[in-house]
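The values are calculated or read from the model by the stated rules, or taken from the named source; none is laboratory data. Because the structure is a prediction, the values reported are computed rather than measured. In this analysis, Cβ positions are derived from the backbone assuming ideal geometry, glycine residues included, and neighbour counts consider all displayed protein chains.
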Amino acid sequence: MAVRTLALRQSKNVKDAQYDADAQTLTVKLNGGTYTVDGVTEEKAIAFEQADSHGSFFHSEFKGQHVITKVN
């Protein structure tokens, strides 16, 4: 499966996101840089895509639960 760009609602903090189902990696572009989130299931990526607040979801569901690496 190819990398898929997620259809996000307009957000103050989250600018863009792509999900790679094979690698279970989410790449998220925030105001402060671009980050990869490892070990993200497709269900969790869809929940992030559909969240009312992508920034709140990122902080509550990914931070402390997944390995997050700043890319730039």
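Which one of Asp38, Asp52 is in contact (Cβ under 8 Å) with a residue 24 or more places away in the chain and more than 11 Å from the chain's Cα centre (by Cα)?
Numbers: Asp38 fails: more than 11 Å from the chain's Cα centre (by Cα).
None of the other options fit; the residue is Asp52.
Given the structure, is Asn72 exposed (fewer than 12 other Cβ atoms within 10 Å of the Cβ) and without any contact (Cβ under 8 Å) to a residue 60 or more places away in the chain? Walk me through how you get there before you give the answer.
On the way: exposed (fewer than 12 other Cβ atoms within 10 Å of the Cβ): yes; without any contact (Cβ under 8 Å) to a residue 60 or more places away in the chain: yes.
Spelling it out, Asn72 is indeed exposed (fewer than 12 other Cβ atoms within 10 Å of the Cβ) and without any contact (Cβ under 8 Å) to a residue 60 or more places away in the chain.
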For this session: Collect the residues in the range 1-19 that are outside any loop (DSSP other than H, G, I, E, B) and over 15 Å from Tyr35 (Cα atoms), keeping them in residue-number order.
Result: Arg4
Seminar exercise, completed: Checked the range 8-33 for anything within 11 Å of the chain's Cα centre (by Cα) and either without any contact (Cβ under 8 Å) to a residue 12 or more places away in the chain or loosely packed, with under 15 Cβ neighbours inside 10 Å (or both); matches are Lys15, Asp16
Exercise. How many residues does the range 20-60 contain that are modelled with pLDDT of 95 or more, farther than 14 Å from Leu6 by Cβ and part of a helix (DSSP H, G or I)?
Worked result: 1
For this session: Restricting attention to the range 58-69, report how many residues are in contact with a helix residue (DSSP H, G or I) (Cβ under 8 Å, 6 or more places away or on another chain) and either free of Cβ contacts under 8 Å to residues at least 24 places away in the same chain or exposed (fewer than 12 other Cβ atoms within 10 Å of the Cβ) (or both).
Result: 1
